[in-house]
């Protein structure tokens, strides 16, 4: 049968149109225009099309509409999709739709038939979570309330309170549509408020140099005095090579906010967002999907050094971060970390979790309902130890995301703030007296030498850290042209029994000072208690203890090179003493190199009896003084103190 040309042309046009639509849908998906992609894929999906159904589901999930993804994940699985992650995401979408029993049934079925061990592990966890969630009560000490005065049928989220104003994100006044979610672009707003009492007449958008109608402005955080802010902002296309969201800084000057500039914590290929500044302004928490994380987005923290740069950027580790997404960190005055996650033991979507540090370990807890729901619950902003704001898109709200207030009425809640205070000091001349050494860096490390916090002392050498109960710590003091010095501190055995406390908040202070010695080239420093057996150069256990201290000094001061010298008394021949001292010096240096110190940083020198401290020694005590081991710095890169002004604080100087 010969097909008429008109019909053949129609078939070709339809086929070509289908190909174009498929390419267009994939292009939208790959450009993170997920809402557009979902709509395009739905127009071209065939009756038996597992791959396209999976892409529709993924587009909904990635556009924060995981509840809409359920039926498409299910279709893709029933149609024989080989990607086993579809089972995991189907379970998450069922939880978001409050279908716990169905989710658990599918989880148990998949565990029996699955082949991908990594997915089986995720699904097994979800099955356990569902079992545990059934034990949670429907009420708790938390009470929540919709802040109806500022919520609309649009999205309002990420509240941040500062100096009598509540700042938040909303898409209420924007006409242009963000293709990623199919909703309007978001802007930053402010409104005067007294706690939860909002003066709606004061509501306004932040200035145009902060907001851009074709860019998403996101979460915001402030210094305690409200004079600078850090916020998330989408890429406007002008920052070549950058991903879609970065963190920016702005300062309040002469009645307005300065033009925002990039923070130096950003990386060009990552999504960096949801910032939170601690009250002292020295620690920044944020979420990022940068490389070498544990999953999608992880929570990180960074410390501010005295030059105004963010340093020590650290992933919070597997106790907090999961193969899923962790976002919206915030920290209370007593050190509790609030964050949201879609992969810890949650009710569905994003749940709010609380991380507490006890005896050096991180404990994660879900505060339960009503703070959490089957929807997305996130963006906690503490107002005080028992009250705050958060965001949820739970059913019963006014629109998309709504802002809520919460109160924690736990009658047994007692807060103990443990604080470690101290000063950095240095010897005064050659005397044993000490004097203040200001403008130093002090680091707080845990027992495994992971950096917990870092600060810089004031002109009086004062520093202060929040510490936690039943934990060992290491302090390291640093200053240009001084030896980095460490000290140990512990709260073990010093914790208070909260059940016996009467006050709601109890302050406990500890004190620990650090003494830093100035580096003086070629000045001999005696290492005490380095003893050898008669006519031997082997390192004895008691000598190893002292040499380990020098190893620590070398590790803590990587820019120094030293000479390690050995000295004898004069009770044998000159040649014998010279040979013995050289052997002992070389033995000590070998021990230090074996501990990981670069051999190019240390040389051995035996001086025999050529440098006696006591000439014509008579007593054994005097001979012992002459028999000694010393080290002296032979090279060191002396540093001029950085004079960078305050204007460059927080900026991306890369």
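The values are calculated or read from the model by the stated rules, or taken from the named source; none is laboratory data. Nothing here was measured: the structure is a model prediction, and the numbers come from that model. Neighbour counts run over all protein chains shown; Cβ positions are idealised from the backbone, glycine included.
Looking at 385, 367, 427, which one is surrounded by fewer than 22 Cβ atoms within 10 Å (Cβ to Cβ) and more than 24 Å from residue 510 (Cα to Cα)? Criteria check complete, one pass: 367. Evaluated against (1) within 20 Å of residue 484 (Cα to Cα); (2) outside any helix (DSSP H, G or I), residue 538 falls short on exactly one condition, (1). If you check 298, 280 for being crowded, with 20+ Cβ neighbours inside 10 Å and in the same structural domain as residue 168 (by TED's automatic domain parsing), only one passes: 298.
Looking only at residues in the stretch 94-104 that are over 16 Å from residue 372 (Cα atoms) and surrounded by 24 or more Cβ atoms within 10 Å (Cβ to Cβ), the one that is farthest from the chain's Cα centre (by Cα) is 103.
As a summary of the residue check, residue 219 satisfies the conditions (1) under 20 Å from residue 309 (Cα atoms); (2) at pLDDT 90 or above except for the one numbered (1). Here residue 118 meets the list (1) surrounded by fewer than 17 Cβ atoms within 10 Å (Cβ to Cβ); (2) more than 30 Å from the chain's Cα centre (by Cα) almost entirely, failing just condition (2).
Could you check, for the stretch 310-317, whether at least one of its residues is touching a residue at least 24 places away in the same chain (Cβ under 8 Å) and over 22 Å from residue 474 (Cα atoms)? There is no residue in the stretch 310-317 that is touching a residue at least 24 places away in the same chain (Cβ under 8 Å) and over 22 Å from residue 474 (Cα atoms). Kindly state which strands (runs of 3 or more DSSP E) lie completely within the stretch 464-534 and contain at least 1 residues that are modelled with pLDDT under 90 and closer than 30 Å to residue 627 by Cα. Per the criteria, 525-527.
Annotation: of all residues in the stretch 153-184 being touching a strand residue (DSSP E or B) at 6+ places or on another chain (Cβ under 7 Å) and part of a loop (DSSP other than H, G, I, E, B), the one that is nearest to residue 223 (Cα to Cα) is 164. Restricting attention to the stretch 594-612, the residues being farther than 14 Å from residue 584 by Cβ and crowded, with 17+ Cβ neighbours inside 10 Å number 4.
Can we say residue 449 is assigned to a loop (DSSP other than H, G, I, E, B), more than 11 Å from residue 516 (Cβ to Cβ), under 17 Å from the mean Cα position of the chain (by Cα) and outside the structural domain of residue 307 (by TED's automatic domain parsing)? Judged against the criteria, residue 449 is a match.
Restricting the search to strands (runs of 3 or more DSSP E) fully inside the stretch 296-361 and requiring at least 3 residues that are over 25 Å from residue 415 (Cβ atoms) and modelled with pLDDT under 95 gives 310-315. Report yes if some residue within the stretch 38-54 is buried (at least 23 other Cβ atoms within 10 Å of the Cβ), in contact with a helix residue (DSSP H, G or I) (Cβ under 7 Å, 6 or more places away or on another chain) and under 19 Å from residue 400 (Cβ atoms); otherwise report no. For the stretch 38-54, residues buried (at least 23 other Cβ atoms within 10 Å of the Cβ), in contact with a helix residue (DSSP H, G or I) (Cβ under 7 Å, 6 or more places away or on another chain) and under 19 Å from residue 400 (Cβ atoms): present.
When the residues of the stretch 236-251 are filtered to those that are over 20 Å from residue 328 (Cβ atoms) and surrounded by 16 or more Cβ atoms within 10 Å (Cβ to Cβ), the one that is modelled with the lowest pLDDT is 242. Taking residue 527, is it under 46 Å from the mean Cα position of the chain (by Cα) and surrounded by 15 or more Cβ atoms within 10 Å (Cβ to Cβ)? So residue 527 passes the test.
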